[in-house]
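Peer 1: Right, I'll just put the structure down here and ask away after.
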Amino acid sequence: MEHEPRRFRERVDYITSPGHFAGRRRGGPATLITTLGVFDLSRGQVRAVSVHPGVTPAQVREATGFAITVDDSVPATTPPSTDELAYIRHADPEGFWTGERRQGE
């Protein structure tokens, strides 16, 4: 998912998919992966677990449409292993998520 202020808003006009709702004990997403990092959603708030290589905590804050706490010492996201990358490429043969389709065009 593209990490930008128009997608990361404090309030939304409508909800297109289920997530965390008041009074809901379980369910909903636990992790969110964006173009900037990996985020934990399990506690009903957004917390940066890692930022992708080359991304700074300040960039995450700027690209988020609400106040988000990102520790300045948050680690870099570990790149996928060879096996994980092979699985991703198998699941995404058109290269949409890896961006590899742009390289061949």
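Peer 1: Given 92, 40, which one is touching a Ser or Thr at 6+ places or on another chain (Cβ under 8 Å), closer than 18 Å to residue 7 by Cα and free of Cβ contacts under 8 Å to residues at least 40 places away in the same chain?
Peer 2: 40
Peer 1: On the given criteria, is residue 71 out of contact with any Pro (no Cβ under 8 Å at 6 or more places or on another chain), among the acidic types (Asp, Glu) and either in the same structural domain as residue 11 (by TED's automatic domain parsing) or within 28 Å of residue 11 (Cα to Cα) (or both)?
Peer 2: Answer is no for this residue.
Peer 1: Taking residue 82 as the residue in question, decide whether it is on the phi < 0 side of the Ramachandran plot, surrounded by 10 or more Cβ atoms within 10 Å (Cβ to Cβ) and not charged (D, E, K, R).
Peer 2: no
Peer 1: Of everything in the range 59-77 that's of a type outside the set (S, T, N, Q), over 17 Å from residue 41 (Cα atoms) and surrounded by fewer than 19 Cβ atoms within 10 Å (Cβ to Cβ), which residue is farthest from the chain's Cα centre (by Cα)?
Peer 2: Among them, the one singled out is 72.
The values are calculated or read from the model by the stated rules, or taken from the named source; none is laboratory data. Keep in mind that what you see is a predicted model, and the values were worked out from it rather than measured. So basically every Cβ, Gly included, is an ideal-geometry build from the backbone, and we count neighbours across all protein chains shown.
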